[in-house]
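> Structure in structure tokens, see below.
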Amino acid sequence: DPARRRVSLTAKKSIVQAELPFLTSYEQAKSNVSQSCVGFVIARTPANGVLVGFGNQVRGLIPSAELEIKPVKKASQLEDKFPDGRTLKPRVRTCVPSEKRLLLSLKTTSNDSARSNANSTLLHVGQIVTGRVAEITEQG
């Protein structure tokens, strides 16, 4: 921010070493529509969604309907899933640089699901794989 003579730096590995672009302007976001990028959580509200930050004061909104989670009724539930500073890899849905409006989504596209289905066919019975538990439910 040259006006305030401030520089913001990060050493967060998930941002610095990401293969996805880190947006630094709304024009760059417009050229990356339908592409994924890397950003971080700034704020969240159950009514509106999650506000995601990028470089050079670029900010975008992931509406609640695009979060790909169960509907959240309490702010604390949303805060648990999306704490401040958490790195996200949203997809750019729309961008209007003149109005500084950036709409993002965490929902997977049909291309993403087709790619994951193709990857799942590469597994064989008895093959050892690694993974991470994303959620535990009462049903198992």
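The values are calculated or read from the model by the stated rules, or taken from the named source; none is laboratory data. This structure is a prediction, so every number in the text was calculated from the model and none was measured. Reconstructed Cβ throughout: ideal geometry from the backbone, glycine too, with neighbour counts over all protein chains shown. Just so you know, the surface numbers come from the protein's heavy atoms only, side chains and all, with ligands and any DNA or RNA stripped out. Shrake-Rupley method; radii C 1.70, N 1.55, O 1.52, S 1.80 Å.
> How big is D for segment 18-105, in µm² s⁻¹ as a whole number, if Stokes-Einstein is applied with the Kirkwood radius of its Cα pairs at 37 °C and 0.692 mPa s? Don't skip to the end; give the middle numbers.
On the way: Rh = 12.9 Å.
The diffusion coefficient I find is 255 µm²/s.
> Mean residue ellipticity at 222 nm from the helices of the chain, using -39,500 (n - 2.57) per DSSP H segment of n ≥ 4 over the full residue count, to the nearest 500 deg cm²/dmol?
Values: 4 runs with 28 residues, N = 140.
Per the formula, -5000 deg cm²/dmol.
> Here is a follow-up. Step through the table entries 81/107; 13/100; 12/81, compare each Cα-Cα distance with 22 Å, and write down the pairs that go over it.
Values: 81/107 15 Å; 13/100 27 Å; 12/81 19 Å.
Too far apart for the 22 Å limit: 13/100.
> Averaged per residue, what accessible area in Å² does the chain show with a 1.4 Å probe, protein chains only?
About 74 Å² of surface per residue is accessible.
> Hey, another quick one. From the backbone phi of segment 50-64, what are the Karplus-calculated ³J(HN,Hα) couplings (6.51 cos²θ - 1.76 cosθ + 1.60, θ = phi - 60°) in whole Hz, Gly and Pro given as x?
Residue by residue, segment 50-64 yields 10, 8, 10, x, 9, x, 6, 6, 7, 9, x, 10, 9, x, 3 Hz.
> Okay, moving on. If I build a Gaussian network model for the chain, linking alpha-carbon pairs within less than 10 angstrom, which residue out of 51, 122, 61 has the largest mean-square fluctuation?
122
> Could you point to the residue in 103, 34, 76 farthest towards the positive end of segment 18-105's charge dipole, with +1 and -1 charges on the Cβ of Lys/Arg and Asp/Glu respectively?
With unit charges placed on the Cβ atoms, the residue in question is 76.
> Would you kindly find the accessible area of residue 27, with a 1.4 Å probe and non-protein molecules such as ligands, DNA and RNA excluded, rounding to the nearest 10 Å²?
120 Å²
> With a 10 Å radius around each residue's Cβ, average the other Cβ atoms per peptide and rank 83-93, 36-46, 5-15, highest first. Mind showing how you got there, number by number?
Numbers: 83-93: 16.1, 36-46: 18.7, 5-15: 9.5.
Order by mean packing, descending: 36-46, 83-93, 5-15.
> If you don't mind, another one. If amide hydrogens are placed 1.01 Å from N in the peptide plane, which non-local residues have theirs closer than 5 Å to the one on residue 43?
51
> Right, another one. With θ set to phi - 60°, apply the Karplus curve 6.51 cos²θ - 1.76 cosθ + 1.60 along segment 10-19 and write out the HN-Hα couplings as whole Hz, x wherever there is a Gly or Pro.
Karplus-based 3J(HN,Hα) across segment 10-19 equals 9, 10, 5, 4, 5, 9, 5, 9, 5, 7 Hz.
> For the chain, give the percent of accessible area contributed by carbon and sulfur heavy atoms, probe 1.4 Å, rounded to a whole number. Intermediate results must be reported in sequence, preceding the final value.
Values: 5240 of 10400 Å².
On the chain, the fraction of accessible area on carbon and sulfur atoms equals 50 percent.
> Angle check, please: helix 110-120 long axis (alpha carbons) against the longest principal axis of the chain (alpha carbons), in degrees 0 to 90, nearest 10.
40 degrees
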